[in-house]
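A.B. asks: First, the structure itself, so that you have it in front of you.
The values are calculated or read from the model by the stated rules, or taken from the named source; none is laboratory data. Remember, it's a predicted structure, so these values are computed and weren't measured experimentally. Backbone-built Cβ (ideal geometry, glycine too); neighbour counts: all protein chains shown. Ligands, DNA and RNA are stripped out before the accessible areas are found, and what is left, the full protein with its side chains, is counted by its heavy atoms. Shrake-Rupley method; radii C 1.70, N 1.55, O 1.52, S 1.80 Å.
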Amino acid sequence: MRNFKKCLITGGSGLLGSNLISFFNKGEVLSPSSKEMNICEADQVEIFFKQNRDIDLVIHTAAYTDVESSEINFIQCSHVNVVGTFNILKECHKRNAKLVYISTDAVFDGKKGNYTIDDCVNPISNYAKTKTAGELMVRTYRNSLVIRTSFFGLEFPYEHAFEDQWTSKDYIDTMAPKIFEVCTSNRIGISHVCSDRSSLHELAIQRNPGVKKIKMSDFKIGYELPIDLSLKTG
């Protein structure tokens, strides 16, 4: 594990942030609420960093993650995922604090799967486009790490799951320890944190054997669903 004085976790009340906090020792981590530090307000972010000058590791989990809503509320999504990320990046750059940016497998279009860190991104949804924009900004900063990952909570949240859609995501209790290990390592650049490739239905029945199979061809919506968003660890 990399030595650091103090870690700041944005989005600490969220699923990933709250799980990551539990792995730190008391006094090692800060996790302000949005009232204490709204990432979209540059002045608030600057003041918080000035008040906590020993921050040398930032894990940026805060994000606008509602994929469907992002198609309508694109400005709000961009404000959080792009402007908010820039505000955090700026303060990290001032202090040479390491920035770990939590990204998503959705930066890829899902047409081929088994994506490596060297594959070209091709985001489809507005959510994915804003997360990709955040990635590109963060990657201009040398002391940074982009983690692409994906996870559910402790259970599969739906009654049906595709048997012909592929993924490398997993449940939060499996993914959080892996993500924590990479976050606190000396890695920089891009890293994929994932589990083995499986169908969505195979993943679903690990926690809920009653989840029913469906096929993508039977599911009619207004846009094309990704077939395979699986990542290769790297």
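A.B. asks: Regarding the stretch 222-234, can at least one residue be identified that is assigned to a loop (DSSP other than H, G, I, E, B) and within 24 Å of Val58 (Cβ to Cβ)? Give the derivation first.
C.D. replies: Residues of the stretch 222-234 that are assigned to a loop (DSSP other than H, G, I, E, B), as a first pass: 222-227, 229-230, 232-234.
Now narrow it down to the ones that are within 24 Å of Val58 (Cβ to Cβ): 233-234.
Yes: the stretch 222-234 contains one or more residues that are assigned to a loop (DSSP other than H, G, I, E, B) and within 24 Å of Val58 (Cβ to Cβ).
A.B. asks: Now, a different point. Could you check Thr167 against (1) loosely packed, with under 13 Cβ neighbours inside 10 Å; (2) in contact with a helix residue (DSSP H, G or I) (Cβ under 6 Å, 6 or more places away or on another chain) and say which number it fails?
C.D. replies: Looking at each condition in turn, Thr167 falls short on (1).
A.B. asks: Cβ-Cβ under 7 Å, sequence separation 6+ or interchain: first residue in the stretch 155-167 and more than 16 Å from Pro226 (Cβ to Cβ), partner polar (S, T, N, Q) and surrounded by fewer than 20 Cβ atoms within 10 Å (Cβ to Cβ). Which pairs?
C.D. replies: Glu155/Asn208; Phe156/Asn208
A.B. asks: Any residue in the stretch 196-208 that is of a type outside the set (S, T, N, Q) and either in contact (Cβ under 8 Å) with a residue 60 or more places away in the chain or under 22 Å from Glu71 (Cβ atoms) (or both)?
C.D. replies: Initial filter on the stretch 196-208 (of a type outside the set (S, T, N, Q)): 196-197, 200-205, 207.
Applying the additional criterion that residues be either in contact (Cβ under 8 Å) with a residue 60 or more places away in the chain or under 22 Å from Glu71 (Cβ atoms) (or both) yields 197, 200.
So far as the stretch 196-208 goes, yes, one or more of its residues are of a type outside the set (S, T, N, Q) and either in contact (Cβ under 8 Å) with a residue 60 or more places away in the chain or under 22 Å from Glu71 (Cβ atoms) (or both).
A.B. asks: May I pose another question? How many residues does the stretch 170-192 hold that are open to solvent by 40 Å² or more (accessible area, probe 1.4 Å) and in a loop (DSSP other than H, G, I, E, B)?
C.D. replies: Looking only at the stretch 170-192, we keep the residues that are open to solvent by 40 Å² or more (accessible area, probe 1.4 Å), and these are 173-174, 177-178, 181, 186-188.
Those still in the list that are in a loop (DSSP other than H, G, I, E, B) too: 186-188.
Looking only at that region, the number is 3.
A.B. asks: How many residues are under 16 Å from Ile147 (Cα atoms) and of a type in the set (A, V, I, L, M, F, W, C) if we restrict to the stretch 159-210?
C.D. replies: Total satisfying the criteria: 11.
A.B. asks: Next question. Need pairs with beta-carbon distance below 9 Å; first residue more than 15 Å from Ile102 (Cα to Cα) and within the stretch 121-139, second open to solvent by less than 40 Å² (accessible area, probe 1.4 Å) and of a type in the set (Lys, Arg); sequence gap 6+ or separate chains.
C.D. replies: Short answer, once both residue conditions are applied: Pro123/Lys131.
A.B. asks: In the stretch 193-206, what count of residues is obtained for those that are crowded, with 19+ Cβ neighbours inside 10 Å and either at pLDDT below 95 or within 17 Å of Ile117 (Cα to Cα) (or both)?
C.D. replies: 3
A.B. asks: Take residues that are touching a residue at least 40 places away in the same chain (Cβ under 8 Å) and open to solvent by 60 Å² or more (accessible area, probe 1.4 Å) and tell me which of the helices (runs of 4 or more DSSP H) falling wholly in the stretch 1-100 contain 3 or more. Working first, answer last.
C.D. replies: On the way: elements: 15-21, 42-51, 67-70, 74-78, 84-95.
Qualifying helices (runs of 4 or more DSSP H): 84-95.
A.B. asks: Can you confirm whether Ala106 is open to solvent by less than 30 Å² (accessible area, probe 1.4 Å) and assigned to a loop (DSSP other than H, G, I, E, B)? So that I can check it myself, show each step before the final result.
C.D. replies: On the way: open to solvent by less than 30 Å² (accessible area, probe 1.4 Å): yes; assigned to a loop (DSSP other than H, G, I, E, B): no.
Judged against the criteria, Ala106 is not a match.
A.B. asks: What is the residue count in the stretch 116-145 for residues that are open to solvent by less than 10 Å² (accessible area, probe 1.4 Å) and in contact with a Leu (Cβ under 9 Å, 6 or more places away or on another chain)?
C.D. replies: Total meeting the criteria: 4.
A.B. asks: Turning to a different aspect of this structure: Within the stretch 126-169, take every residue that is assigned to a strand (DSSP E or B) and farther than 23 Å from Phe86 by Cα and give me the one that is nearest to the chain's Cα centre (by Cα). Steps first, please.
C.D. replies: The initial filter retains those residues of the stretch 126-169 that are assigned to a strand (DSSP E or B), namely 144-149, 151-152, 160-162, 166-167.
From what's left, farther than 23 Å from Phe86 by Cα: 151-152, 160-162, 166-167.
Numbers: Phe151: 9, Phe152: 12, His160: 24, Ala161: 22, Phe162: 23, Trp166: 19, Thr167: 15 Å.
Looking at the filtered set, the residue picked out is Phe151.
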